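Only one structure is covered here, and it is reproduced in the block below.
The values are calculated or read from the model by the stated rules, or taken from the named source; none is laboratory data. This one's a predicted model, so the numbers in the text were calculated from it and none came from an experiment. Glycine also receives a Cβ, built like all others from the backbone with ideal geometry; neighbour counts cover every protein chain displayed. We work out accessible area using only protein heavy atoms, side chains counted, and drop any ligands, DNA or RNA first. Shrake-Rupley method; radii C 1.70, N 1.55, O 1.52, S 1.80 Å.
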Amino acid sequence: MPSDSGIERIYQQVVRRNPGEAEFHQAVKEVIETLGPVLAKHPAYAEHKIIERICEPERQIIFRVPWQDDRGEVQINRGFRVQFNSVLGPYKGGLRFHPSVYLGIVKFLGFEQIFKNALTGMPIGGAKGGSDFDPKGRSDGEVMRFCQSLMTELHRHLGEYTDVPAGDIGVGAREIGYLFGQYKRMTNRYESAVLTGKSPHWGGSLVRREATGYGTVYFVDEMLKARGESIEGKTCIVSGSGNVAIYAIEKLQQLGGRVIACSDSNGVILHERGIDLALVKRLKEVERRRIADYAHEHRDAKYLAGSRIWDIPCDIALPCATQNELDEASARTLVGNGCRTIAEGANMPTTPGGVRVFQEARIAFGPGKAANAGGVATSALEMQQNASRDTWSFEHTEQRLQTIMQGIHRNCHEAAAEFGSPGNYVLGANIAGFRRVAEAMLAMGVI
Ligand code: NDP
């Protein structure tokens, strides 16, 4: 079995084979450096080169996405789909539209997705995709033409038993609608389960919109319960003001948390009286405006342009915006100000240095692959409803989500204790997710 130096050798090989993909290297390192104890217990994993195989995507698709803007000018973007691992089910993972998207980001997200999807206990493999297209400031017509062009190529790689994308940054209900419409047109099939995050009016699941944010807060609730505490009365901050952030704020408020700050990539809103969520929803979901406008409507709220939200003292902090948004210095500030609970609504928002600070301080830290798995789990529930041509109520679906999040928490908690690090959810999530994938890979032979 690989010793620590064996794991280091595998990591160096990943770096060599995937040059310039810093985020992918970071995600691989974060997982494999915790796997030593599980390899010691299951020597077959090393013999069968399970880690080496997991680190190599099954398929990577890169393609041109040409489209015309409102002035008639031709624009060219790049589309990606990385089908990472299908040992547990059809590839599943979102599409991200953001100018920062390149192969390294898609691979980091796809790699994380393998273990996250495994943790949900549902039959879904791992994938991710997207484009360097920036939907900000684009008209509905431009977004539609872009989505149609992307799907014209992507459709041949999808299918309800093959690959089922969903949303992520920059891809919400509007984009999923355009993508589904084009898929239906290209294939002449009303294949509902080929995309999730659809509108509940035509095949989407209730609670999918809320699921990632709600699920993150359920995970927080479980971490606190394990320490004999609750969310009630705690002061909370949530970075971002997109899909995940909005519904994390909503569930925190429902459970008695006092959310005083949220943000976007330009700045932070601090509202000591408590964030007015109806206003955030109107600004972001309906009018597609900036969070700065919040302060125009509430004179007692402060807009802190360009500031770090992590400087605001709180009990609970939820990074829900993007990768590497919470660095070591911010982690020290949070801990110094008395924050004792962190859960990652976003994917890999905390840098390795930040994670180290939280672990040394022994605070409750829920890593993204566990804490934000409620989104993809509810996508799998959407696939179930589509397969049985059924529609579940909000209450039933939310109950299922809560049960799944409790199960994920329990699995991480137990795996951490089994491998000698009680309370270490990073180790617990990596080992519990990895073990499920590794066992299925062993069973299926060298593929
Ligand atoms: P949205 O596009 O709805 O919102 C993203 C939010 O993050 C916006 O407020 C945006 O601000 C902010 N943001 C984006 N990029 C940056 C940046 N570089 N610096 C600072 N802020 C930034 O995306 P989601 O809410 O869907 O996704 C947020 C995170 O959650 C991502 O990491 C995603 O991968 C993860 N996630 C999402 C799931 C889902 O179901 N949607 C499931 C699991 C994880 P601005 O408008 O200024 O760009």
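Of the residues in region 263-274, not one is closer than 27 Å to residue 396 by Cβ and open to solvent by 10 Å² or more (accessible area, probe 1.4 Å). Any chance you could count how many residues in region 275-288 are over 22 Å from residue 306 (Cβ atoms) and either among the hydroxyl-bearing types (Ser, Thr, Tyr) or open to solvent by less than 70 Å² (accessible area, probe 1.4 Å) (or both)? Of the residues in that region, 3 qualify. Residue selection: residue 240 satisfies the criterion of being on the phi > 0 side of the Ramachandran plot, within 11 Å of the ligand (Cβ to nearest atom) and not aliphatic (A, V, I, L, M). Every condition in (1) of a type outside the set (Val, Ile, Thr); (2) more than 11 Å from the ligand (Cβ to nearest atom); (3) within 19 Å of residue 115 (Cβ to Cβ); (4) touching a Ser or Thr at 6+ places or on another chain (Cβ under 9 Å) is met by residue 379 except one, and the failing one is (2). Right, residue 293: in contact with a helix residue (DSSP H, G or I) (Cβ under 7 Å, 6 or more places away or on another chain) and either open to solvent by 20 Å² or more (accessible area, probe 1.4 Å) or among the small types (Gly, Ala, Ser) (or both) or not? Spelling it out, residue 293 is indeed in contact with a helix residue (DSSP H, G or I) (Cβ under 7 Å, 6 or more places away or on another chain) and either open to solvent by 20 Å² or more (accessible area, probe 1.4 Å) or among the small types (Gly, Ala, Ser) (or both). Within region 416-446, the set of residues being without any contact (Cβ under 8 Å) to a residue 12 or more places away in the chain and part of a loop (DSSP other than H, G, I, E, B) comprises 421, 422, 445.
Does residue 137 fit the bill of being at pLDDT below 95 and within 13 Å of the ligand (Cβ to nearest atom)? When the stated conditions are applied, residue 137 passes them. Which of the residues that make up region 243-284 are under 18 Å from residue 368 (Cα atoms) and either within 11 Å of the ligand (Cβ to nearest atom) or not β-branched (Val, Ile, Thr) (or both)? Passing the criteria: 243, 244, 245, 246, 247, 248, 251, 252. Of note, residue 287 does not satisfy the criterion of being among the charged types (D, E, K, R) and away from the ligand (no atom under 16 Å from the Cβ).
Taking residue 29, is it basic (Lys, Arg) and either buried (at least 20 other Cβ atoms within 10 Å of the Cβ) or farther than 20 Å from residue 103 by Cβ (or both)? No.
Filtering region 315-355 to residues that are more than 15 Å from the ligand (Cβ to nearest atom) and aliphatic (A, V, I, L, M) leaves 316, 329, 331, 334, 335, 355.
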